[in-house]
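The values are calculated or read from the model by the stated rules, or taken from the named source; none is laboratory data. For clarity, every value in this text was computed on a predicted model and none was experimentally measured. In this analysis, Cβ positions are derived from the backbone assuming ideal geometry, glycine residues included, and neighbour counts consider all displayed protein chains. The area values use the complete protein model at the heavy-atom level, side chains included, leaving out ligands, DNA and RNA. Shrake-Rupley method; radii C 1.70, N 1.55, O 1.52, S 1.80 Å.
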Amino acid sequence: MTSTGRPLVGLELDGAGAHPAASALSAETPARALAPDRLAAAARAAEDAGFDLVWLAAARPWDAAALAGGSGHGRLEPVEAAAFLAAVTTRVGLVAETTVAGAEPFHLANRLASLDWAAQGRAGWAPVWSTEQHAPAGGSGSSEHTEHQEVVDAVRALWDTWEDGVFLADEATGRFLDLDRWHYADVRGEHVSVKGPSITPRPPQGHLPVLGYGPGADLVRVGGADPADAASRADAARAAGARVVLDVEVLLDGDHPAADRLAALDARATWAPTGQLRLVGSPAAVAETLAGLAPHVDAIRLDPAVRAVDAPLLATHVLPALASPGTRAASSGGGSRLRDALGLTPAQNRFTLAREGGATTPTAGGRAA
Amino acid sequence: MTTDPRSDPRRDHDYARPDARIHLNLFQPFGPVYEWSRTPRPQDYYEFEQYAQLVATAERGLFSAVFLGESLRLREHLGALNDIAITGRPDALTLFAYLAARTTSIGFVATLNTTYSEPAELARRLATVDLLTGGRAGWNVVTTHNAWTGENFRRGGYLAAADRYRRAEEYVAAVQELWDAFPADGAPRPVARHGAFVDVEVLPSVPASPQGQTVYFQAGDSDEGRDFAARRAEGVFTHHIEHDEAVAFTADLRRRARAYGRPGDDLKVFPGAAVVVAETDAEARDKARHFRDVFLTERRIRQVVESVWGRDLSDELDVDGALPAEGPSVTEQTLTHGVVNSADDPRRKAAEWRALAAERGLTVRGLVEHLTSTREFVGSPGTVADELAHLVRSDAFDGLNVTPQAFPDGLDDVVDLLVPALQERGVYPEAYAGTTLRENLGLPESVGRRVPELALLPAGGAAVEGAA
């Protein structure tokens with residue numbers, strides 16, 4: 001996970017796949033499909049194949065219909081599933097989606113910081129608005145956008161409440177913590193308010209990289225109706241100063257041609273457009289398309305239509321085309337942090353900046369407001 | 001050690017449960033007292049790898065579960081964050097999900113508050129950990145009421161006390177219905193509950209684990225709390241350790257449970273206690289004394305007094321002298337600090353302490369030591385094992401929540417010395433009984449399924465007591 005100048009490539013591990021009929025191809029019970037050994041094996045396979053990230057979705061647009069129709073497998077909570085995977089992987093980045101509508105930043109900050117402790121700095125956060133709707137609705141300034149932004153900001157503020165160097169453990173004075181480096185967050189927004197500090201100390205990365213929507217994200221998620229549309233969306237986001245992660249649904253030639261597989265799946269359940277770029281075809285053609293998009297983006301999230309079929313094909317035929325031989329092997333030194341791999345600068349701490357800048361922050365010194 | 005069968009203590013007593021076995025749980029308090037100098041990096045107290053080591057020791061010792069309390073706001077002292085103890089911790093369910101991959105048999109009980117979360121989300125998170133552990137999860141249900149904690153949440157502290165408990169009951173019923181609505185081998189069915197406090201309309205997304213439902217724990221000593229436990233709980237956390245008091249408490253709980261149509265022994269009682277063992281009784285006493293000294297720093301002693309006086313006494317209090325002659329002048333107890341809580345009247349509390357100190361001739365140090373002393377099991381492995389065997393055969397309790405005194409090696413002596421002594425006496429298992437927490441605690445399927453009418457909300461609701 002070191003920055004290679006090429007996009008990092010992630011694999012979505014959610015459920016049976018991106019297509020709503022994917023789980024119908026499996027005869028397994030939901031409990032078996034979601035069994036921990038299965039999850040661990042999928043993540044290890046992705047890591048061994050050279051994927052830089054595994055991604056755990058919080059929702060699919062067709063969830064309710066599939067589950068109610070008895071064809072869905074359900075899903076584990078992404079943060080907890082990612083923490084489990086932290087124990088069975090060593091290099092791969094672990095990106096967990098959470099919903100933010102109505103969410104308590106206090107709980108989110110503690111859970112996500114804990115995930116980063118579990119993963120020793122390999123965790124990423126992908127906030128989505130709700131289970132039904134990924135991006136907040138309305139333009140910037142809409143109520144949803146404001147709430148989304150406030151939740152992300154509040155979580156980051158809580159991550160700053162324990163500064164680096166806060167631990168004293170000085171038996172002579174009986175002080176375990178340094179009150180000058182331990183702070184209230186005192187966030188009061190339109191939608192959220194939180195006093196702080198967080199319960200879990202600052203995550204090893206300082207801030208987990210945020211892969212999401214809106215100006216607060218470290219990487220902005222884009223899709224597209226077709227590759228040209230995706231490229232122009234990515235370029236626009238970059239022009240606005242953002243780094244970009246491209247969401248791609250993929251269905252490949254397997255035992256049967258991709259078009260035939262798609263027709264068979266669609267006969268069971270309609271795969272309505274989701275806004276992600278959707279690529280259907282031969283592994284070589286899909287690899288070429290993605291290689292063409294690579295210079296426009298900083299990361300690619302591959303969402304296999306049927307994970308059991310498409311994920312191995314992606315690993316064998318598509319992933320190698322997105323990296324020159326050796327780069328991924330070279331990037332596999334354990335212990336590197338996801339922020340670094342994504343090319344992000346180290347996270348600043350607002351309280352450290354305020355103190356070192358000589359400014360007085362209203363919440364420094366551990367004094368109650 | 002008793003090896004002669006003629007002196008088998010089981011024959012000398014008319015025990016209520018001559019063949020009972022004791023369960024041990026690992027309990028880590030929120031502000032644990034460890035010797036900081038034993039750890040090279042203070043951050044080690046938060047490292048998941050260190051937790052994995054501690055829990056591996058517990059699992060080697062066939063502990064039933066790891067039990068963690070919950071804190072939703074860090075403690076303060078005199079208007080500032082309290083820097084005196086190791087504080088802060090990983091989120092329990094995130095930690096447990098990680099430990100799921102590092103363990104095979106031990107259970108995980110998370111204390112999770114119903115006040116500042118939504119039942120559908122909590123149900124999903126717990127069910128996820130239950131599935132990841134193959135059915136080894138438990139839930140200790142608590143509620144909180146103070147506005148001080150509410151400051152960390154947009155939901156805030158918005159309910160009156162009575163409503164809070166009714167909401168908790170509705171909440172628990174919703175969570176359990178969500179769990180039952182997605183069987184492991186079937187499709188989920190939608191759950192719709194429209195109560196006075198909890199409104200849920202959702203399709204569950206996490207199927208049931210091999211134990212069906214997570215094991216339900218709660219704390220509770222009040223009449224209402226006991227009744228609620230008797231109706232619904234499968235595990236109860238208490239502090240009753242002394243023989244007569246513990247036997248009476250447990251008998252009362254079982255009697256109440258039988259009144260609800262339960263067998264009574266399907267309720268497992270776990271008091272918390274420190275266990276200090278060493279090769280000899282004398283060594284163990286020295287060790288217990290040492291831990292006591294580590295705990296009773298001058299700052300900690302002073303803080304106990306300051307929390308009642310409501311002001312900084314660093315310039316005037318001699319911990320080896322008497323309590324301040326004047327004060328306190330504050331009339332409201334704003335701090336909770338171990339032996340002090342916000343329901344107390346500071347002036348009455350101070351008068352009580354002065355009387356106690358005078359009666360027993362105690363300095364401030366002696367007074368605080370007296371006030372903070374907790375029941376411990378201290379002795380050689382044989383001494384402690386005999387004591388515990390007697391208590392569990394008398395049905396004083398089903399198990400103990402054991403607090404380690406160091407991290408991550410604080411259970412080594414219990415596992416290496418005490419567990420074999422308990423096994424020799426036939427009061428401790430030689431292997432895990434099964435693969436789920438429910439099996440390992442000897443519990444049948446969840447109460448709500450066995451006695452369906454108990455899952456219904458009682459008229460008026462009852463209390464769920466908060467626990468740290």
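Here are the numbers for the structure shown:
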item: Simple Cβ-charge dipole of the stretch B:85-163, Lys/Arg +1 and Asp/Glu -1, about Cα centre, in debye nearest 20; result: 240 debye
item: Max mean-square fluctuation residue, GNM over chain A, Cα-Cα springs under 10 Å, options A:G275, A:G174, A:G17; result: A:G174
item: Heavy-atom accessible area, 1.4 Å probe, ligands and nucleic acids excluded: residues of the stretch A:148-168 down by at least 40 Å² from chain alone; result: A:F167
item: With every protein chain in place, chain B: carbon and sulfur % of accessible area (1.4 Å); result: 49 percent
item: Only Lys, Arg (+1) and Asp, Glu (-1) charged, at Cβ; the stretch A:120-221 dipole about Cα centre in debye; result: 220 debye
item: Accessible area per residue in Å² at 1.4 Å probe, computed on the stretch B:67-172; result: 23 Å²
item: Within chain A: Cβ-based charge dipole about Cα centre, in debye rounded to nearest 20 (Lys, Arg +1; Asp, Glu -1); result: 420 debye
item: Other-chain or far-sequence residues with amide H under 5 Å of B:G235's (modelled H); result: B:Y216, B:F217, B:Q218, B:K268
item: Proximal charge balance of B:E279 [Cβ under 15 Å; K/R count +1, D/E count -1]; result: -4
item: Cα centroid of the stretch A:182-228 to Cα centroid of the stretch A:119-169, whole Å; result: 2 Å
item: Length gained when the stretch B:T104-B:D244 is fully extended (0.36 nm per residue, less Cα-Cα span); result: 46.7 nm
item: Gaussian network model of chain A, Cα within-10 Å springs - most flexible of A:G165, A:G74, A:G102; result: A:G165
item: A versus B: buried accessible surface, summed, Å² (probe 1.4 Å, to nearest 100); result: 5100 Å²
item: Cleavage-rule hits, GluC sites (Glu not before Pro), the stretch B:177-268, DSSP coil, Cβ neighbours within 10 Å at most 14; result: B:E242
item: Accessible carbon and sulfur surface of the stretch A:12-171 relative to its total accessible area, %, 1.4 Å; result: 52 percent
item: Dipole-positive endmost among A:F167, A:W55, A:L76 within chain A (Cβ charges, Cα centre); result: A:F167
item: Sum of -39500 (n - 2.57) over DSSP H runs of 4+, divided by residues of chain A (222 nm, nearest 500); result: -9500 deg cm²/dmol
item: Projected label distance in nm at B:A16 and A:T352, using a 7 Å step from Cα toward the beta-carbon; result: 5.7 nm
item: Global form of chain B, assessed from the alpha-carbon gyration tensor, a/c cut-off 1.5; result: oblate
item: Inverse of mean 1/r across different Cα pairs in the stretch A:54-135, Kirkwood, Å; result: 13.3 Å
item: Inter-label distance, nm, simple model (7 Å from Cα along the C-beta direction), B:T280/B:L356; result: 3.4 nm
item: For the stretch A:65-112 and the stretch B:159-232, distance of Cα centres in Å; result: 22 Å
item: Distance (nanometres) between label positions extended 7 Å along Cα→Cβ at B:D312 and B:T435; result: 5.9 nm
item: 10 Å Cβ neighbours from other chains, averaged over peptide A:105-112; result: 5
item: DSSP-defined beta bridges in chain B - what % are antiparallel, rounded to 5; result: 15 percent
item: 1.4 Å probe accessible area per residue over the stretch B:175-299, in Å²; result: 40 Å²
item: Residue-normalised accessible area of chain A, expressed per residue, 1.4 Å probe, Å²; result: 36 Å²
item: Shielding by partners - mean other protein chain Cβ count within 10 Å, residues of A:85-97; result: 2
item: Alpha-carbon centroids, the stretch B:384-447 and the stretch B:75-134: separation in whole Å; result: 23 Å
item: 1.4 Å probe, heavy atoms, protein only - residues of the stretch B:188-218 losing at least 40 Å² accessible area vs chain alone; result: B:L203, B:S205
item: Dipole of chain B [Lys/Arg +1, Asp/Glu -1 at C-beta], most positive-end residue of B:W179, B:L78, B:L68; result: B:W179
item: Integer Hz, Karplus 6.51/-1.76/1.60 couplings in order for the stretch A:222-239, x for Gly and Pro; result: 10, x, x, 6, 8, x, 5, 4, 4, 4, 6, 5, 5, 4, 5, 5, 5, 4
item: Residue-averaged 222 nm ellipticity for chain B, from DSSP H runs of 4+ at -39500 (n - 2.57), nearest 500; result: -11000 deg cm²/dmol
item: Gaussian network model of chain A, Cα within-10 Å springs - most flexible of A:R181, A:R38, A:R202; result: A:R38
